[in-house]
Amino acid sequence: MVEGLLQSQPGLLNFGIFFLLATVLLLVVLGFVTYAILAERKVMGFMQLRQGPNQVGGRWGLLQTVADVLKLLLKEDTIPKLADRPLFILAPVIAFAPAFMVLATIPLTDHLQFADIGVGLLYYIAISGLTTIGVVTGGWASNNKYALLGGMRAAAQMISYEIPLVMSVIGVILFAGSLNLNDIVAAQGEQGWFILWQPIAFLVFMIASVAELNRTPFDLPEAESELVAGFHVEYSGFRWAFFMLAEYVYLFAMASLTTVLFLGGWLPPFDFLGFIPGAVWFALKFSVVIFFLVWIRVTFPRLRADQLMEFGWKVLLPVALANIFLTALVKELLKLF
Amino acid sequence: MLRTEEMLLNVGPQHPSTHGVFRLVLKIDGEIIKEAKPVIGYLHRGTEKLAENLQYTQIIPYTDRLDYLAAMTNNYVLCHAVETMMDLKIPERAEYLRVIAMELGRVASHLVWWGTYLLDIGAVSPFLYAFREREMIINMLNELSGARLTFNYMRVGGVKWDAPEGWIEKVGEFIPYMREQLKGYHDLVTGNEIFMNRVKGVGRYTKEDALNYSLSGANLRCTGVKWDLRKDEPYSIYDRFDFDVPVQEGGDAWARYHVRLGELEESLKILEQAVEQFPKEGEILAKVPKIIKAPKGEAYVRIESPRGEIGCYIASDGKKEPYRLKFRRPSFYNLQILPKLLEGENIANLIAILGAIDIVLGEVDG
């Protein structure tokens, strides 16, 4: 359906449909973010012997996030006197917009995908890198030393971890023979999930993606106990919410990408389970990834900035490169037999 | 070469990891600290001066507010000083209650340190686990003294309240539980690769440095000096218990971590023996006059608080108030080595080093 629309003449109707679909996706994602935050807090609460939210919206705190967002909306919008005003206002938007742009390429099921781009994976990685600019801008524009340090750390961290992330997925690309996310899932239907074929890549990818998401143990840009709140120390109210929203939308996006690249996307694990719709499988695998990410956050302490760099360049990158070599070798060997 | 500029960074007094109102003025080049200047005094209340106009019993609540994480030891050091001057004989039961209260306080204090240190390093969960156990101790001390933190429990000549029914058994039940939890702590944190990377070799100093800077407690024992006043100058009834003094050789944050966790186990050992030997009945307060007057003269006593050597000096001219009173507050002395340790470190290490010293601002500022 989307394909047909993309080919047709531009017009008001087409625009309307696209606008409507985009709004629906936005609402779905916002709904997800709302409940992902709740789920994270509940799971963390469970692991830390606490209740988590349990007051607003019944005993599971179903409306807690809604109340939080409303509160943030109503808060006074403060901009520090000496901040760089235009950049300060622009930074959350720069951080936030790419988070939504990447969602378009992710195939939630074989029918539900908004843009089936030939180089979908490349598009995802390229666009998601933009968020760093927003973070650095925010850190710089705040005219705060802690924010500046946080912004600098973010920049250094993104560069060091983007590269192993890209290198780790090359193994997947070699096996699938395509950068198209749909083709990658389809390839897993024939060859089996790539987590089995590419365990090293999966490990590197998971570590690098936690670093990309700025979550513990790689939450240095906003390291609460060191830099107070890092790059968003001067942000409050809805601008702050935008940074947070970007973070959680990325969580959604990254978990989806992990599902697509390594866990077979919407495909059932065994063929006889095919009667269950793909969306359910996708949601299940996706939830497992999210749970895993929360688990990591609860368990680990934070790395130090220099250790982080060392680990990225001296461990992850060589391992990812070796994995490319290994993958190519295995692929050639498989051809022989 | 690019020209770089040094930046002045103010850490605190409202920074989440300075454990109170401690302030550090840092000169940094990028993230590397060139110079660190601690600024203290935000919590100064003039306890020592105030004490000059207070009767001895009235000073006790002020000592609660020095090291508010282990107030029982502070209570004790003041009472001990006055008792030494008056040459009082303390009833058996009172001594046991004091030791149990002090050791429970030590466990609680080290638990807070463990939790907040891990919080500084970036792990949130250990903090909540530590506080679960600490809450139990605080509830027990609450039952004993009627307060959760500022106990005001000890008196010159004994203690204010006797243990309520079943309280000693409760302490006895807590010990095996706490041992079990300690194993869990080691499983969760001690072997963690990231944690080891963060603390090993961080904030290292030598035995000579430690002695020259007058460090005490875990900060001294981490360099291999086996010095614990409970063992070396036994006060109260500590000579009746069989326990070890944990010592490490490293002199870094990792060594301090192990010393403190070792002390937790030793405190549990002392508690176990104290609960076993606890006299069935007896007085809890010696025969003391209604208004306590220390005889003319002076005295200095020192004991082992969770943070190090806490001392109390009293000069008396025979009145019901001291002429001059001084506390040797271990956090204050331990903090002095900080600027030396911070030179050339980065900001992440600053947090790890400051946390490992284990200061309480109420005590630093007096």
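Computed from the coordinates by the stated procedures, all read-outs in this text should not be read as laboratory data. Because the structure is predicted, anything quoted here is derived from the model rather than measured. In this analysis, Cβ positions are derived from the backbone assuming ideal geometry, glycine residues included, and neighbour counts consider all displayed protein chains.
Quick rundown of the values:
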quantity	calculated
Helix B:71-86 vs. chain B, principal-axis angle (Cα, 0 to 90°, nearest 10)	50 degrees
CD proxy at 222 nm, helix term only [per DSSP H run n ≥ 4: -39500 (n - 2.57); per residue of chain B; nearest 500]	-14500 deg cm²/dmol
Which of A:ASN180, A:GLY118, A:VAL29, positive extreme of dipole for chain A (C-beta unit charges)	A:VAL29
Cα-based reach from B:LYS89 at 12 Å (exclusive), listing aspartates and glutamates while leaving out same-chain residues under 8 positions away	B:GLU283
Descending Cα extents along the principal axes, segment B:102-239, whole Å	48, 36, 24
P(r), alpha carbons of chain A - 10 Å bins starting at zero, rounded %	5, 23, 32, 26, 11, 2, 0
Point-to-point label distance, A:LYS75-B:LYS49, nm (Cα→Cβ direction, 7 Å offset)	4.0 nm
Percent of Cα pairs exceeding the 24 Å cut-off, where the set is segment A:200-337	47 percent
Globularity ratio of the protein assembly as shown, using Cα Rg and 2.2 N^0.38 Å	1.14
Sum of side-chain charges, B:LEU325 neighbourhood, beta-carbon under 10 Å (Lys, Arg +1; Asp, Glu -1)	0
Length-normalised contact order of segment A:225-337 in % [C-alpha pairs under 8 Å, at least 6 apart]	16 percent
Theoretical FRET efficiency, 1/(1+(r/R0)^6), r = Cβ-Cβ of A:PHE337 and A:LEU284, R0 45 Å, to 0.05	0.85
Two-site label geometry, B:LYS37 and A:VAL119: point separation in nm, points 7 Å out along Cα→Cβ	5.5 nm
Cross-link pairs beyond the 22 Å C-alpha cut-off, checked among B:LYS27/B:LYS200; B:LYS200/B:LYS340; B:LYS207/B:LYS231; B:LYS183/B:LYS231; B:LYS226/B:LYS269	B:LYS27/B:LYS200; B:LYS183/B:LYS231
Peptide-level mean, for B:26-32, of C-beta atoms on other protein chains within 10 Å	2
Cα centroid separation, segment A:279-337 to segment B:253-307 (Å)	53 Å
Top positive-direction residue, dipole computed over segment A:288-334 with Cβ charges, set A:THR299, A:ALA328, A:TRP313	A:THR299
Charge context of A:MET158, other residues only, Cβ under 14 angstrom, K/R +1, D/E -1	-3
Quotient of C-alpha Rg and 2.2 N^0.38 Å, computed over segment A:50-131	1.59
Hits among lysines - C-alpha to C-alpha of A:LYS81 under 19 Å, sequence gap 8 or more where chains match	A:LYS145
Inter-site label distance for B:ILE237 and A:ASP84 at 7 Å from Cα along Cβ, in nm	7.0 nm
Dipole of segment B:195-282 [Lys/Arg +1, Asp/Glu -1 at C-beta], most positive-end residue of B:MET196, B:PRO279, B:TYR238	B:MET196
Cα-based reach from B:LYS49 at 27 Å (exclusive), listing lysines while leaving out same-chain residues under 8 positions away	B:LYS37, B:LYS160, B:LYS290, B:LYS293, B:LYS296, B:LYS319, B:LYS320, B:LYS326
Size-normalised alpha-carbon gyration radius of segment A:105-244, reference 2.2 N^0.38 Å	1.22
Residue of A:ASN214, A:ASN180, A:ASN143 that the Gaussian network model of chain A assigns the largest fluctuation, springs spanning Cα pairs under 10 Å	A:ASN143
Helical segments meeting 27 Å axial Cα length and Kyte-Doolittle 1.6 threshold in chain A (DSSP H)	A:12-47, A:278-299
Most mobile listed residue (B:ILE59, B:ILE137, B:ILE347) in chain B, GNM with C-alpha springs under 10 Å	B:ILE347
For chain A: relative contact order, % (alpha-carbon pairs under 8 angstrom, 6 or more apart)	22 percent
Sorted peptide list for B:186-197, B:300-311, criterion being average Cβ within 10 angstrom, highest first	B:300-311, B:186-197
Alpha-carbon spread of segment B:199-335, three principal axes, descending order, Å	54, 39, 19
